[in-house]
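A short worksheet on the structure shown next.
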Amino acid sequence: MPVGAESVEWDNTPSPIQIIPSGTNVQLRWPKWAVHSELQSTMNSVNTGAWTELLWFKSVAEDEIIADMPAVDSHRLFRLKAPVGIPIFQFGIFYNGDLEFNGAAIMHLRGRVHSNSNLYMGSVVFQYFYRDVTASGAIENSLRYFASTNPITTPYFYGAAVSNAPRLVWPVDEEMGPEAVRQIIQIPPPDEEIGSPLGRERYFNKAELVILVTNTSVEAFLKRPYSAERTTLPWLAITNFVSTNKTFVDQREVSKTALTTEFDVGRFNNWAATNAEVASVLGVGVAPSIVYIADQRLPSSTKFAVVRVVNGRVLAERGLTVATPNPLYTLGHFNQPTTAHLGTTNTADTRPASLVCDAYTLLSGAFRDQSSSGHYITRPASNTTVVAAIVAGNTPSAAVYSGGANNLPRLLEAWSTRTYTLNGSLVCLYPSAVATNVFRNPGVYYNAPTRNIYFDFNFLDPARLPPGTPQVGVSRRSELAH
């Protein structure tokens, strides 16, 4: 059976794939610098074929990626689809800086994993990687900033594990430097053009509902994405689903009091379904799918402003992204309407969703504000399921360990014998600027749960990506290096 490789329509250079037949099998080889390209195959001609991605076991030998597979009819033609723009939530884990894995937490990672810096794999338990693992720096099978007297185990790779891979960046990162990435959650300055490269990335500009809280007022308005036209909403119009008078204590943040803007998703859905202003801006029964909330109340040494999302099991049809420059908390189950699917990987009935913030804390449905200042053992957690992509900052490892990827979702309760299930994507783009206190090992303000962290395969379907999903591309500097 003849097999071959093609030059794809957007790339006139010869295909970098080498095809080596071997009996009933075929071996494919291509340069390591093309690791972010998608290997595809078809049994038809180049012009009429339906190309499908090949999720095949890969290995790395020096500067090449190698895949061995049966030479069946569906594998007649192969190509590498170059990444024009990769939705960031199509990674199971994406870190803009160093990515570390906790020394004692088993993780089964079924989505792609990437670090724009170094990746520290060291663990005293096994880690399983079922898709490609890439780092723009080194991949080290060692612990960093985390002492252990136990032997380090060898991770299991079922895809390629590639160090010195091209960086994946935004236009704002490429043009303005990595420090600009945090600006995607900030309020734009008055003189910035909405259509500028940075303006196009800001969640404020993507949003359809904006809520701005200060010490003396609440401003709210509806708009279409990237539009300067606003329809103002009076405070009384949103008090059914927004409150600003609740507080609780976050013991990780040195027991600061959290001044809370609370967003009730269920009540918001009911309001949006019948509100005349929503109908005039977005259409009848069309709920805003991106909500931007900034609580600008002035912080002090004992208090800080946060956003909390509650009553979020059922989302509107288009899904929901909540974005904020504040720390963000979810209380109880989020985006899992089917009781039988709680605690599972079944996301068939969920909506596209993401939570984008300074730092993310997962509160179980048993969390009570009145118990937040006491010893954590007085806050027993309940099993909780969250289905969403998470974009959050962390406190990077320096003198103190960051907690690793499995601790990107922060905890404040007694989770022993309890489980949290997170179906989505974990993305860390910047250090936290508001919730900045360091990670502490279990036994101070929480104890550890059983963590079931899974990639949501819905995100591989462009129609089921969360509203406002950013895209990354291969750095031009990385391209020029090859």
* To do: Could you list which residues have their amide H under 5 Å from that of Thr134, counting only those 5 or more apart in sequence or on another chain, with H placed in the peptide plane?
  => Val113, His114, Ser115, Val162
* Structure fact -> For segment 165-303 the translational diffusion coefficient, Stokes-Einstein from a Kirkwood Rh over Cα pairs at 4 °C and viscosity 1.567 mPa s, in µm²/s, is roughly 77 µm²/s
* To do: Neighbouring Cβ atoms within 10 Å as the yardstick, rank Phe334, Phe367, Phe439 fewest first.
  => Phe439, Phe367, Phe334
* Asked: Leaving out same-chain residues fewer than 8 places away, which lysines sit with a Cα under 26 Å from that of Lys32?
  -> Lys58, Lys81
* Net +/- balance of residues flanking Thr232 in space, Cβ distance below 13 Å, scoring K and R +1, D and E -1 -> -1
* **Residue-wise HN-Hα coupling along segment 310-327, computed from phi with Karplus coefficients 6.51, -1.76, 1.60 (Hz; x: Gly, Pro)** => 10, 6, x, 5, 10, 10, 5, 4, 7, x, 8, 10, 10, 10, 7, x, 8, x
* **HN-Hα J in Hz across segment 420-429 - Karplus 6.51, -1.76, 1.60, θ = phi - 60°, x for Gly and Pro** => 10, 10, 10, 9, x, 8, 10, 10, 10, 10
* To do: For the chain, find the longest principal axis of its Cα atoms and tell me its angle to the long axis of helix 265-274, 0 to 90°, nearest 10.
  => 80 degrees
* Structure fact -> Karplus-derived 3J(HN,Hα) from phi for segment 383-400 (6.51 cos²θ - 1.76 cosθ + 1.60, θ = phi - 60°), whole Hz, x at Gly and Pro, runs 4, 9, 10, 10, 10, 5, 7, 10, 10, 8, x, 9, 9, x, 4, 9, 6, 10
* Structure fact -> The exposure ranking of Ser123, Ser255, Ser300, fewest beta-carbon neighbours within 10 Å first, is Ser300, Ser255, Ser123
* Asked: Between segment 99-138 and segment 225-301, what is the C-alpha centre distance in whole Å?
  -> 36 Å
* Asked: Relative contact order (percent) for the chain, with alpha-carbon contacts under 8 angstrom and 6 or more residues of separation?
  -> 14 percent
* To do: Return the long-range amide H neighbours of Arg418 (sequence gap of 5 or more, or a different chain), with a cut-off of under 5 Å between placed amide H atoms.
  => Thr450
* Quote to one decimal, in nm, the extra length available between Ala348 and Ser371 on full extension: 0.36 nm per residue of separation minus the C-alpha distance between them. => 4.8 nm
* Structure fact -> Taking placed amide H atoms and a strict 5 Å upper bound, the residues 5 or more places from Gln127 or on another chain that come that close are Tyr156
* To do: Determine, for Ser37, Ser22, the number of other Cβ atoms within 10 Å of each Cβ, and report the residues in order from fewest to most.
  => Ser22, Ser37
* Under a plain spin-label model, where a point goes 7 Å from the Cα along Cα-to-Cβ, how far apart in nm are Trp235 and Ser142? -> 5.7 nm
* Structure fact -> the chain, convex hull of Cα, quarter of hull surface, nm² -> 24.6 nm²
* Suppose R0 equals 51 Å; then what is the FRET efficiency for Lys303 and Thr52 from their Cβ-Cβ distance, rounded to the nearest 0.05? -> 0.45
* Förster radius 25 Å - calculated FRET efficiency between Gln186 and Arg318, Cβ distance, rounded to 0.05 -> 0.50
* Structure fact -> Lys and Arg at +1, Asp and Glu at -1: neighbours of Gly92 with Cβ under 15 Å from its Cβ sum to +2
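A short reminder: the numbers here are calculations on the coordinates, not readings from a lab. Keep in mind it's a predicted model, so treat the numbers as computed, not measured. Glycine also receives a Cβ, built like all others from the backbone with ideal geometry; neighbour counts cover every protein chain displayed.
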